[in-house]
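First the structure, in the form of structure tokens, and then the observations on it.
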Amino acid sequence: MGSGRLQHQRYELKYHVNEAKAFRIRDFVRGYLEIDEYSALQPDLSYPTLSLYVDSDGLETYWCAINGDRNRFKLRLRYYDDQPDTPVFFEIKRREDNVILKERGGVRKDAVRWLLAGHMPERKHMLNPNDNEAFVAVQRFCHLSLQLNARPKMHVAYLREAYENPNHNNVRLTMDRQVESQPSPTPRLIAKSPKPHLVFGKKVILELKFTARYPKWFRELVETFNCTQMGAAKYAEGILIKGEDWVRRGCSPCSPENVLEEFLTAEKYRGLFDASTPAKA
């Protein structure tokens, strides 16, 4: 989703539904919203959504989520394929009481390693060097990352079916399937983890997102399909189910597998490891 359609401040309600119910919800929601432009291009109406989460070695942002802190944030890199010349978005997702605040900035993939190593962004690293809002968002991301001494911890992938109003962005509905996670200690921007954990099994994660008043038809949807609100934090749930040791073992720098992954990353994103190499035009 482009930054022009981003809901910077919103409320989110999440539900677990089975596939049969998800198909019925699809028919229901089409009376109010349209399939978004990215979902419309896919034969199954779902596009890959990929994230690399960064956190401290003590998993501070994970524990803030588990403890239910009213004011917390998480840091992630969001992208949609593993091609070296497509953008990656540095995102800060905050929760302040019941409100979700989101900032993001598009970055060139050949700048990812440089920024995650602790350097501050330069205009040449940005997808659009003239986008001041995006540049400030990436600066804030890097400041928070430095404060946490954050490193890559987890790769999360799923298929997203999304609906929106083409005239405004105050209401959005998504259904996420096949949510997978796996520890990932290097800045690899992969499309598929080799040994992923299926976080929610076969359940579909339904998310209702709105920026102002709760739409009446959202209430009708929830009542019609007997949906029960519950948590669905993809990053935190993946760790909670498998345990912190799973993350620590997977992120061990001594693992031969991780050394190989680092080498493959360098091969794919040429210039990623050379600070003197300018970002590609």
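A few remarks follow.
- Tilt relative to the chain, helix 19-29 - C-alpha long axis, 0 to 90 degrees, to 10: 70 degrees
- The angle between the Cα long axis of helix 132-148 and the longest principal axis of the Cα atoms of the chain comes to about 70 degrees, rounded to the nearest 10.
- Global form of region 68-198, assessed from the alpha-carbon gyration tensor, a/c cut-off 1.5: rounded
- Where the chain is the region considered: accessible area per residue in Å², 1.4 Å probe: 48 Å²
- Taking 7 Å steps out from each Cα toward its Cβ at residue 18 and residue 143 produces label points 4.9 nm apart.
- Of all stretches in the chain that contain no GluC sites (Glu not before Pro) in a DSSP loop with at most 16 other Cβ atoms within 10 Å, the longest one is 123-281.
- Taking N as its residue count, the alpha carbon Rg of the chain over 2.2 N^0.38 Å: 1.00
- A straight line joining the Cα centroids of region 57-99 and region 18-48 runs 25 Å.
- The fraction of accessible area contributed by carbon and sulfur in the chain is 51 percent, rounded to a whole number (1.4 Å probe; ligands and nucleic acids excluded).
- Applying a DSSP loop filter and a limit of 14 other Cβ atoms within 10 Å to the trypsin sites (Lys or Arg not before Pro) in region 114-221 leaves 192, 202, 213.
- Spatial separation of Cα centroids for region 101-147 and region 186-242, in angstrom: 26 Å
The values are calculated or read from the model by the stated rules, or taken from the named source; none is laboratory data. Because the structure is a prediction, the values reported are computed rather than measured. Quick reminder, even Gly has a Cβ in these numbers, built from the backbone with ideal geometry, and neighbours come from all protein chains shown. Only protein heavy atoms, including side chains, enter the accessible area calculation; ligands, DNA and RNA are left aside. Shrake-Rupley method; radii C 1.70, N 1.55, O 1.52, S 1.80 Å.
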